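Below is one structure, written out as structure tokens; the observations come after it.
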Amino acid sequence: MLRLFIFLCLAIPAVCVADTLNVPGDYGTIQEAIDAASEGDTVQVEAGTYMENIDFMGKAITVTGVDGAGSTFIDGGSLGSVVNFAFAEGNDSVLQGFTITNGYGGDGGGVFCDFFAEPTLRNLRITANEAYSYGGGIFAKQGSPVVDTCEVDDNTAWNGGGMECLGLAPVVTNCIFWDNKAGNAFPEIYDIAGGMVVTYCDVLGGYPGAGNINANPGFVAPGESIDTDGTL
């Protein structure tokens, strides 16, 4: 009987239970929590400003600002791209609920995607980032991020101030691209290869795709109001 019990225990596969890692409760920085995380884990980040440049390192994890983008900021300190996906991450590598700001680099000041990365970017505000070449807000070099319900505004690059796609096929839905700037051309979106799918987005100047519009999104500073004609 004892031998049978031992055999059954060995035959039953181990069950991996996803863990929740809290910042700053368990870890002082977001990157420390990412480094410690395993596949399927969630990194929960409390409201605040985190002076970091983070890298998902290929992990299928969710990193979420629990109080949303209005209260949780990742500030890159002009020390490179704020967020990097460069290890073939899939759609189950999820970043959500943050403001991504103050990134600076050659490509992808806010978010940089390469090496066939396909992360999910959801409920983000990507603002005030700069790339001296391509994709001030988001640069998809050889990556296909899924960008859902994000505001991409006030970013700067030589081409593709808001977002640039060099290859593959990013999918962008329910997003706002507004008041981004380009030193050369394409201030909002620049799709070199023509593979991007952009739908149901509000893009300054317009952009081809089902449900896309060109309408003032009505950004206002705290304490200000917006008139019915869309002006402050």
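The values are calculated or read from the model by the stated rules, or taken from the named source; none is laboratory data. What you see is a predicted model; the values in this text were computed from it and never measured. Note: ideal-geometry Cβ built from the backbone for every residue, glycine included; neighbour counts use all protein chains shown.
Return yes when GLY167 is out of contact with any Ser or Thr (no Cβ under 8 Å at 6 or more places or on another chain) and assigned to a loop (DSSP other than H, G, I, E, B) and no when it is not.
Values: out of contact with any Ser or Thr (no Cβ under 8 Å at 6 or more places or on another chain): yes; assigned to a loop (DSSP other than H, G, I, E, B): yes.
For GLY167, the condition - out of contact with any Ser or Thr (no Cβ under 8 Å at 6 or more places or on another chain) and assigned to a loop (DSSP other than H, G, I, E, B) - is met.
Quick check on region 65-98: of everything there that is of a type in the set (S, T, N, Q) and touching a Phe, Trp or Tyr at 6+ places or on another chain (Cβ under 8 Å), which residue is nearest to GLY136 (Cα to Cα)?
First pass over region 65-98, keeping only residues of a type in the set (S, T, N, Q): 71-72, 78, 81, 84, 91, 93, 96.
Keeping just the survivors that are touching a Phe, Trp or Tyr at 6+ places or on another chain (Cβ under 8 Å) gives 72, 78, 81, 84, 93.
Details: THR72: 20, SER78: 12, SER81: 9, ASN84: 13, SER93: 22 Å.
My answer is SER81.
Condition check: closer than 26 Å to ALA157 by Cα and crowded, with 24+ Cβ neighbours inside 10 Å. Does GLY80 satisfy that?
On the way: closer than 26 Å to ALA157 by Cα: yes; crowded, with 24+ Cβ neighbours inside 10 Å: no.
No; evaluated as a whole, the condition is false for this residue.
Among the residues in region 112-129, are any among the charged types (D, E, K, R) and assigned to a loop (DSSP other than H, G, I, E, B)?
From region 112-129, those among the charged types (D, E, K, R) are 114, 118, 122, 125; that's our starting set.
Then keep just the ones that are assigned to a loop (DSSP other than H, G, I, E, B); that gives 114, 118.
Looking for residues that are among the charged types (D, E, K, R) and assigned to a loop (DSSP other than H, G, I, E, B), one finds at least one in region 112-129, hence yes.
Just to be sure before I move on: is ILE176 in contact (Cβ under 8 Å) with a residue 40 or more places away in the chain, surrounded by fewer than 24 Cβ atoms within 10 Å (Cβ to Cβ) and not hydroxyl-bearing (Ser, Thr, Tyr) in the structure I sent? Break it down stepwise before answering.
Values: in contact (Cβ under 8 Å) with a residue 40 or more places away in the chain: yes; surrounded by fewer than 24 Cβ atoms within 10 Å (Cβ to Cβ): yes; not hydroxyl-bearing (Ser, Thr, Tyr): yes.
Answer is yes for this residue.
Can you work out which of the residues in region 13-35 that are under 24 Å from ASP114 (Cβ atoms) and of a type in the set (A, V, I, L, M) is farthest from the chain's Cα centre (by Cα)? It would help to see each step written out before you state the result.
Going residue by residue through region 13-35, those that are under 24 Å from ASP114 (Cβ atoms) are 29-35.
Imposing the further condition that a residue be of a type in the set (A, V, I, L, M) reduces the set to 30, 33-34.
Working: ILE30: 14, ALA33: 17, ILE34: 15 Å.
Ranking the qualifying residues of region 13-35, first place goes to ALA33.
Please name all residue pairs, on different chains or six or more residues apart, with Cβ atoms under 6 Å, provided the first residue is in region 200-218 and is within 10 Å of PHE177 (Cα to Cα) and modelled with pLDDT of 95 or more and the second residue is of a type outside the set (A, V, I, L, M) and not in a loop (DSSP other than H, G, I, E, B).
Here the result reads VAL203/PHE177; LEU204/TRP178, each pair linking region 200-218 to a residue that is of a type outside the set (A, V, I, L, M) and not in a loop (DSSP other than H, G, I, E, B).
If I ask for residues that are farther than 20 Å from SER38 by Cα and either in a loop (DSSP other than H, G, I, E, B) or at pLDDT below 95 (or both), which ones from region 85-101 would you list?
In the first step, residues of region 85-101 are kept if they are farther than 20 Å from SER38 by Cα; the result is 97-101.
Listed by number, the residues that qualify are GLY97, PHE98.
Counting just the residues of region 53-77 that are more than 11 Å from VAL94 (Cα to Cα) and among the aliphatic types (A, V, I, L, M), which one comes out surrounded by the fewest Cβ atoms within 10 Å (Cβ to Cβ)?
Among those that are more than 11 Å from VAL94 (Cα to Cα) and among the aliphatic types (A, V, I, L, M), it is VAL66.
Any residue in region 132-149 that is assigned to a loop (DSSP other than H, G, I, E, B), among the charged types (D, E, K, R) and modelled with pLDDT of 95 or more? Let's see the steps before the verdict.
Keep residues of region 132-149 that are assigned to a loop (DSSP other than H, G, I, E, B), which gives 135-137, 141-145, 149.
Retained after the next criterion (residues that are among the charged types (D, E, K, R)): 141.
If we keep only those that are modelled with pLDDT of 95 or more as well, we get none.
Among the residues of region 132-149, not one is assigned to a loop (DSSP other than H, G, I, E, B), among the charged types (D, E, K, R) and modelled with pLDDT of 95 or more, which makes the answer no.
What number goes with the only condition from (1) among the hydrophobic types (A, V, I, L, M, F, W, C); (2) within 13 Å of the chain's Cα centre (by Cα); (3) more than 16 Å from ILE176 (Cα to Cα) that VAL147 does not pass?
(3)
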